[in-house]
Amino acid sequence: MGKISLQKVEKRFGDVSVIPPLDLEVEDGEFVVFVGPSGCGKSTLLRLIAGLEDTTSGKIFIDGADATQLAPAKRGLAMVFQSYALYPHMTVRKNIAFPLKMAGVPQAEIEEKVDYAARVLNLSNYLDRRPGQLSGGQRQRVAIGRAIVRSPSAFLFDEPLSNLDAALRVNMRLEITELHQNLKTTMIYVTHDQVEAMTMADKIVVLQAGVVEQVGSPLELYHRPRNIFVAGFIGSPKMNFIEGAEAAKQDAKTIGIRPEHVTISKDSGAWKGTVTVSEHLGSDTFLHVETDLGLMTVRSGGDVDVHHGDTVWLTPEADKLHRFDDKGLRIA
Amino acid sequence: MARAVTPARKTVNTAAAWIVALIIFFPILWTILTSFKPEPVAVASPPVFLNFDWSFDNYRTVIQQRGYGQFFWNSVVIAFGSTILGMIIAIPAAWAMAFVHGPRTKDLLMWMLSTKMMPAAGVLVPIYLIAVYFKMLDTQILLTVVLMLMNLPIIIWMLYTYFREIPVDILEAARMDGATLFNEIVYVLTPMAVPGIASTLLLNVILAWNESFWTLNLTAFNAAPLTKFIAGFSSPQGLFYAKLSAASVMAFLPILILGWFSQKQLVRGLTFGAVK
């Protein structure tokens, strides 16, 4: 079981309010991702749940029991840190065994569980090495191993992939998703990378300055962003925003259109512009087009033959337009 | 760009380094030479350098007549005792200052260091009177405690610096893994800080071993360490330079050997944190 519920949780450092009172429900078995720009309070929120920071006010319930005042170890949660935070003076075996040793588990059972974790994570050949002798990906797996042996009610991940190179990051992303499917344990995952959030989450919590901007499934956030911030944060490349007369035509202060919902033509269309940069990725082409409405990004097929300096016409798909009012909120 | 080192320049530099080293080392070398001389040669003018009857007589006399063994043992107990006692207090203190620092931690550290700026003689009378009151003059316990107090600021400062190098993530991981504060310090912090702890230990053993103000003032015979042993040779009957030298050599030799073997550790510890 791993249902976590935050009720009016608030965190202040002195006079600075990092997290204004916030409510959040994490259901048992869910993969929840906290995403937001750096400094938005997502790591602080995770640390509050972990118990590494004290709440200023509000309550945290884990499996229905009030855990607000419990020590980190008593909350039944396991955490994986961005820096891995392995014990450098212990072997991989001892690292993974450490939480069990602290819990006073008998030696035979420790060995059994460590071997199991090592098998699951492909670490069996490295058990007698020290963290310093492992690659980044292996270290991350040791950190995950140390978390799974305890059979926690929920896993907390604090930007676990940020220190890995791009290729490894994609692999580990898959491994963590698979792990979640096998263990079916609640996972809370913090990242600033919206791609990680979109690919891994059952539910995404978008945070800005400690405030929850929107909670929803990845596709909900993509299709129906609640405000301009979420619209701009979710999706890559970023959504194009247009203000002024063009927006007023749609009865909105601002309209937004995703790069993939704009069609490009050399002959005719709604908005005329000049290509400034074209990025050919093979499968896709990202075109940056200077128009009278401002710089727009367009995502188009890999075989599109448009280059720097070409004049093009852009047409948004009418049913994919997002409209926002003067407060930046979505107009239904 | 690396500077060009010509062979001539290298020779000059090497020679200069040796000369400086010899000048610094000369008093110690002279003490060692003197310790092998008969008393009249030791005070001869002009001084005799190597051409004399070498003998261990001074050592024999010093060991047999003055009870070197007991002084040596007192030195060991006081130096190691005060250091270990200091460590037991300083490790948790440095942990608190390094990992749960408050707005006044820096001030507290500076205040502790400031106590080292006061001349020891300033607190001699009160400490002496306290010792008299508790009937602890000339005891190993008194010396151990006093020297521990004298060196505690340095121990805490050194450990604090080393602990600051340890990523707090690792301690938090231990906390998540169910380690109590005690386990966190014993299983995680201390093993990671071993180089720092070792050099702190060594430096403080050396400081305590060579400490002479308190040892001379608070001991008579029972708890007297080697510093008192040496001082005993500047007696009212006159100075016995050769025997004094032999006693000095026997006082610094143990710590010199200890220092020699742990040189690597000591240098690493003292420069730890200077370069990241």
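Listed here are the residues, each with its yes/no results for (1) surrounded by fewer than 17 Cβ atoms within 10 Å (Cβ to Cβ); (2) without any contact (Cβ under 8 Å) to a residue 24 or more places away in the chain; (3) of a type outside the set (S, T, Y); (4) more than 18 Å from B:Q70 (Cα to Cα).
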residue	(1), (2), (3), (4)
B:N204	no, no, yes, yes
B:A208	no, no, yes, no
B:F213	yes, no, yes, yes
B:L218	no, no, yes, no
B:A223	no, no, yes, no
B:K228	no, no, yes, no
B:L239	yes, yes, yes, yes
B:A251	no, no, yes, no
B:I255	no, no, yes, no
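The condition of being hydrophobic (A, V, I, L, M, F, W, C) and in contact (Cβ under 8 Å) with a residue 60 or more places away in the chain holds for only one of B:V12, B:V41, B:V20, B:V48, that being B:V41. Here the condition is being closer than 30 Å to A:G76 by Cα and either more than 14 Å from chain A (Cβ to nearest Cβ) or not hydrophobic (A, V, I, L, M, F, W, C) (or both); of B:G102, B:G122, it holds for B:G102 alone. Out of B:M150, B:M112, B:M158, B:M192, one residue alone is in contact with a His (Cβ under 8 Å, 6 or more places away or on another chain) and either within 14 Å of another protein chain (Cβ to nearest Cβ) or in contact (Cβ under 8 Å) with a residue 12 or more places away in the chain (or both). It is B:M192.
Listed by first and then second residue, the pairs with beta-carbon distance under 8 Å, at least 6 apart or on different chains, first residue in the range A:302-320 and closer than 29 Å to A:L221 by Cα, second among the acidic types (D, E), are A:G302/A:D284; A:W313/A:D267.
Only a single item in (1) within 12 Å of chain A (Cβ to nearest Cβ); (2) within 18 Å of the chain's Cα centre (by Cα); (3) among the aliphatic types (A, V, I, L, M) is not met by B:A173, and it is number (2).
Residue check: B:P167 meets all listed conditions (1) more than 10 Å from chain A (Cβ to nearest Cβ); (2) modelled with pLDDT under 90 but one, namely (1).
Taking A:Q69 as the residue in question, decide whether it is under 30 Å from A:Q7 (Cβ atoms) and either at pLDDT 90 or above or assigned by TED's automatic domain parsing to the domain that holds A:I188 (or both). So A:Q69 passes the test. Looking only at residues in the range A:144-186 that are acidic (D, E) and surrounded by 15 or more Cβ atoms within 10 Å (Cβ to Cβ), the one that is nearest to the chain's Cα centre (by Cα) is A:E159.
Residues in the range A:273-300 that are within 26 Å of the chain's Cα centre (by Cα), part of a strand (DSSP E or B) and among the hydroxyl-bearing types (S, T, Y): A:T285, A:T297, A:S300. Contact annotation: residue pairs with Cβ atoms under 7 Å, 6 or more positions apart or on different chains, pairing a residue in the range A:47-61 that is more than 17 Å from A:G14 (Cα to Cα) with a partner that is part of a loop (DSSP other than H, G, I, E, B) and of a type in the set (A, V, I, L, M), are A:G51/A:L70; A:G51/A:A71; A:I60/A:A67; A:F61/A:A67. Looking only at residues in the range A:314-330 that are among the hydrophobic types (A, V, I, L, M, F, W, C) and at pLDDT 90 or above, the one that is farthest from A:S265 (Cα to Cα) is A:L329.
The values are calculated or read from the model by the stated rules, or taken from the named source; none is laboratory data. Because the structure is a prediction, the values reported are computed rather than measured. Note: ideal-geometry Cβ built from the backbone for every residue, glycine included; neighbour counts use all protein chains shown.
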